[in-house]
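Take this structure, written in structure tokens, and hold onto it; I'll ask about it next.
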Amino acid sequence: MRSKTRNGCLTVYAGPMYAGKTTALIAELETNLEDDKKVLVIKPIVDDRYSVEDVVSHDGTSLKKETGHAVKCLDLNDIIDLESLKDIDVLLIDEAQFFKNLSYEHVPLCLQHGIDVIAVGLDLDSEGKGFGSMPFLLERANVVYKLSSICSVCGEEATRTFRKLTASSSNQVLIGGNETYEPRCLHHWLEGQKEKQKFLY
């Protein structure tokens, strides 16, 4: 790891699905590449909705298409090897909530070695609970951008992700798109949760 004179900066983009988090990540990549920074982009291998090897937003914006930059896909429990980060200036993490070992072990170590970390992810799961490593990252972030979407019911600002009644799994991790999830404001998310309870019982 090359010597650096400052700690890295942790920036987190958080919000519900369809809030533009991955689009923000791609924009961060473009900015850092323009500044001649050496960047590594990682995404969880479990998220293969649009591409196994590329970071793709819900609106179809592709990291590889926009920047030509390679993406490293990691399994949920893969360890980021600091040797592989020795020449990296910036680490970009897509869908950070899916990385279980990322926060407690590796992000602080990256920051201590002067690597800036930019992570995007769902701060809350569809049940309104802190998701994966996101609470840890949000607590320690130097900069937080709280993004929102548009409520699929009323068109107002959406801050929650609602899992539709037709979803077949109750597991916290259920990879899906608009067939499974929709953004909702707090009021209609609560209404949906009440309806879901009636549906389940």
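Quick one: of Lys38/Lys129; Lys21/Lys43; Lys100/Lys194, which pairs are farther than 25 Å apart, Cα to Cα? Don't skip to the answer; put the middle values down first.
Working: Lys38/Lys129 35 Å; Lys21/Lys43 13 Å; Lys100/Lys194 30 Å.
From the list (Lys38/Lys129; Lys21/Lys43; Lys100/Lys194), the Cα-Cα distance tops 25 Å for Lys38/Lys129; Lys100/Lys194.
Ok, one more. Heavy atoms of the protein only, probe of 1.4 Å, neighbouring chains included. What is the accessible area of Asp87 in Å², nearest 10?
Its heavy atoms expose roughly 80 Å² to the probe.
For His187, His113, give me the order by solvent-accessible area with a 1.4 Å probe, most accessible first, ignoring ligands, DNA and RNA.
Details: His187 110, His113 65 Å².
Sorted by accessible area, descending: His187, His113.
What is the extension gain from Lys146 to Lys38, computed as 0.36 nm multiplied by their sequence separation minus the C-alpha to C-alpha distance, in nm to one decimal?
Details: separation 108, 0.36 × 108 = 38.88 nm, distance 2.61 nm.
Gain on extension, Lys146 to Lys38, equals 36.3 nm.
The values are calculated or read from the model by the stated rules, or taken from the named source; none is laboratory data. What you see is a predicted model; the values in this text were computed from it and never measured. In case anyone asks, the SASA skips ligands and DNA or RNA and just uses the protein heavy atoms, side chains included. Shrake-Rupley method; radii C 1.70, N 1.55, O 1.52, S 1.80 Å.
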